[in-house]
Amino acid sequence: MTKVKALSARTFSSLHNRNFRLYMIGQAISLSGTWMQTVAQAWLVLKLTDSGTALGLVTALQFLPVLVLGPWGGVIADRLPKRRVLYATQAASGVLAVILGVLVATGAVELWMVYVLAGALGVVAAFDNPTRQVFVLEMVGESELTNAVTLNSVMVNLARVVGPALAGALIAGVGLAVCFLLNGASYIAVLVALAMMRAGELHGAQRAPRARGQLRAGFRYVWSTPALRDTLVMMALVGTLAYEFQVSLPLLARFTFHGDSGMYATMSSVMGAGAVAGGLWTAGRRAGRLSTLGWSSVVFGAVILAAAVAPGLGAELAALVAVGAASITFLALGNTMLQLEAAPEMRGRVMALWSVAFLGSTPVGGPIIGVVGEHLGARWSLVVGGVAAVAAGAYGLVGLRLAARRAAAQPGPAAPVVVSVTGDGPPDCLVAEASTDAPSDALLAGTGTAG
């Protein structure tokens, strides 16, 4: 019983922070609504067009602004108070959801309207995403960041279980419009949570002063820091082709298994359930090398390929549970590493590039996966993603070995420094330790300490 209590304390340690608890409650409600809208929007586009290409295009339009404006969003996140930015972005997202709900409810909706609103939501996301990423660190501090990022990912995927299940029931029972309207209302929970936070308990981050050339400085900083650069390359490859489930799963449900919106909702839910289980396991871990970023990408790709060849619906759902569980380790590890490796005054710009690599790549990957799924079959859309994830993992692992060889060739008596997660310090805290382990234990071309 004592061991169970200790594990539970480690797993949920960041929730002792009042501000983070409020944030998680608000996000849990809002993200459930977001997943409802994701399912409803995909089904709306298929209802209007019956086209996988159109589905990929609307997804691309939603994320194109993140690709174009994301770096500027990072500059704003570094310059302005994070909570003030989130008030604006969350309120704007709620208004856009209500507008789409009204258009659907009145029967006035047309495909071009969905395109425009998806693009507007993407503009908001370009500023919202990097701000939210850095705000987690501002709430909990560096010692709890790994745990907080993992629990946040668990919450996102728990919402992925609840939201699509509600969407499937609501679409069948009362129609699509209610999903959009409820999502709009769900943002009220986030605004209330932000208002209830205690400003004095936030870990005030160093804000970058307004100056010329800050965008270019962010790019130069990331390019000259191998740990950041290589991680973002991996994120870009996986984000472009592997994380296009909002395109591949509706096609799989409709054209491979001849199902309806309920089947798509079920697929999204079981994938989210797998991610919740995997995330809780990850959050409670006491040890693990950060070199697992590369291996986690390889495993992620392998289970996507298993889902691509699953012979029946039962096997497909089981494979999607594994896909969800494998995905959360890759995402949480990459997110945490970027924040801790980045200089405080650069974190907003670094996490903006994370958004560009992971979300902004969707305008490229979404249409590709849509075209592949429409013309070659939905299973091939998963094959492309699985191969991309395996390739990203291989790139990371090769980078580790090359970095270790470069470090070994440099003169000096000191052993290479490896960033690892260890139970010797505070739970789930990234600390630096000297290591003479195998080259694969180096940190993505990094020999510096975390934080």
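Yes/no per residue for (1) surrounded by fewer than 22 Cβ atoms within 10 Å (Cβ to Cβ); (2) within 28 Å of HIS203 (Cα to Cα); (3) modelled with pLDDT of 90 or more:
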{"position": "THR11", "(1), (2), (3)": "no, yes, no"}
{"position": "LEU15", "(1), (2), (3)": "yes, yes, no"}
{"position": "TYR23", "(1), (2), (3)": "no, yes, yes"}
{"position": "GLY26", "(1), (2), (3)": "no, yes, yes"}
{"position": "TRP35", "(1), (2), (3)": "no, no, no"}
{"position": "TRP43", "(1), (2), (3)": "no, no, no"}
{"position": "GLY52", "(1), (2), (3)": "no, no, no"}
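For the range 41-56, state whether one or more residues are under 20 Å from the mean Cα position of the chain (by Cα) and of a type in the set (A, V, I, L, M). Before you say what the answer is, go through the steps one by one.
Initially, the range 41-56 is screened for residues under 20 Å from the mean Cα position of the chain (by Cα), giving 41-42, 56.
Applying the additional criterion that residues be of a type in the set (A, V, I, L, M) yields 42.
Within the range 41-56 (the criterion being under 20 Å from the mean Cα position of the chain (by Cα) and of a type in the set (A, V, I, L, M)), the answer is yes, since at least one residue qualifies.
Quick one: TRP281 ticks every box in (1) of a type outside the set (D, E, K, R); (2) under 28 Å from VAL162 (Cβ atoms); (3) modelled with pLDDT of 75 or more except a single one, so which number is it?
So the condition that TRP281 fails would be (3).
Taking the condition of being over 23 Å from the mean Cα position of the chain (by Cα), under 16 Å from VAL162 (Cα atoms) and surrounded by fewer than 24 Cβ atoms within 10 Å (Cβ to Cβ), how many residues in the range 257-278 meet it?
Going through the range 257-278, the residues over 23 Å from the mean Cα position of the chain (by Cα) turn out to be 257-263.
Those still in the list that are under 16 Å from VAL162 (Cα atoms) too: 261-263.
Filter again for surrounded by fewer than 24 Cβ atoms within 10 Å (Cβ to Cβ), leaving 262-263.
The qualifying residues number 2.
Here's a check for you: in the range 100-120, which residue that is within 17 Å of PRO65 (Cβ to Cβ) and touching a residue at least 40 places away in the same chain (Cβ under 8 Å) is surrounded by the most Cβ atoms within 10 Å (Cβ to Cβ)?
Only one residue tops the list, namely LEU100.
Restricting attention to the range 172-214, which residues are at pLDDT below 90, farther than 20 Å from GLU341 by Cβ and in a helix (DSSP H, G or I)?
Correct list: ALA172, GLY173, ALA199, GLY200, GLU201.
Which count do you get for residues in the range 368-383 that are surrounded by 22 or more Cβ atoms within 10 Å (Cβ to Cβ) and of a type outside the set (S, T, N, Q)? Outline the logic, then answer.
Quick first cut of the range 368-383, residues surrounded by 22 or more Cβ atoms within 10 Å (Cβ to Cβ) only: 369-370, 372-373, 378, 381-382.
From the residues that got through so far, the ones that are of a type outside the set (S, T, N, Q) too are 369-370, 372-373, 378, 382.
Final tally of qualifying residues: 6.
Determine whether the range 135-150 contains at least one residue that is out of contact with any His (no Cβ under 6 Å at 6 or more places or on another chain), among the charged types (D, E, K, R) and without any contact (Cβ under 8 Å) to a residue 60 or more places away in the chain. Can you show your working first?
Initial filter on the range 135-150 (out of contact with any His (no Cβ under 6 Å at 6 or more places or on another chain)): 135-137, 139-140, 142-150.
Narrowing further to those that are among the charged types (D, E, K, R): 142, 144.
Remaining after also requiring without any contact (Cβ under 8 Å) to a residue 60 or more places away in the chain: none.
So far as the range 135-150 goes, no, none of its residues is out of contact with any His (no Cβ under 6 Å at 6 or more places or on another chain), among the charged types (D, E, K, R) and without any contact (Cβ under 8 Å) to a residue 60 or more places away in the chain.
Which members of the range 232-271 meet the condition of being of a type in the set (Phe, Trp, Tyr), within 25 Å of VAL174 (Cα to Cα) and assigned to a helix (DSSP H, G or I)?
We begin by selecting, within the range 232-271, every residue of a type in the set (Phe, Trp, Tyr); these are 243, 245, 255, 257, 264.
From what is left, the residues that are within 25 Å of VAL174 (Cα to Cα) are 255, 257, 264.
PHE255, TYR264 - these are the residues of the range 232-271 that are of a type in the set (Phe, Trp, Tyr), within 25 Å of VAL174 (Cα to Cα) and assigned to a helix (DSSP H, G or I).
Quick check on the range 130-138. Is at least one of its residues at pLDDT below 90 and among the hydroxyl-bearing types (Ser, Thr, Tyr)?
Within the range 130-138, the subset at pLDDT below 90 is 130-138.
In the following step, the residues that additionally are among the hydroxyl-bearing types (Ser, Thr, Tyr) were identified as 131.
Yes: one or more hits.
Hey, which of the helices (runs of 4 or more DSSP H) in the range 1-102, taking only ones fully inside, have at least 3 residues that are in contact with a Pro (Cβ under 8 Å, 6 or more places away or on another chain) and more than 19 Å from PRO164 (Cα to Cα)? Write out each step before concluding.
Numbers: elements: 2-11, 18-49, 52-79.
Answer list for the range 1-102: 52-79.
Which residues, counting only those in the range 139-153, are aliphatic (A, V, I, L, M) and modelled with pLDDT of 80 or more?
Residues of the range 139-153 aliphatic (A, V, I, L, M): 139-140, 145, 148-149, 151.
Residues satisfying the conditions are MET139, VAL140, ALA148, LEU151.
The values are calculated or read from the model by the stated rules, or taken from the named source; none is laboratory data. What you are looking at is a predicted structure, and each value in this text was computed from that prediction instead of being measured. Cβ: placed from backbone, ideal geometry, glycine included. Neighbour counts: every protein chain shown.
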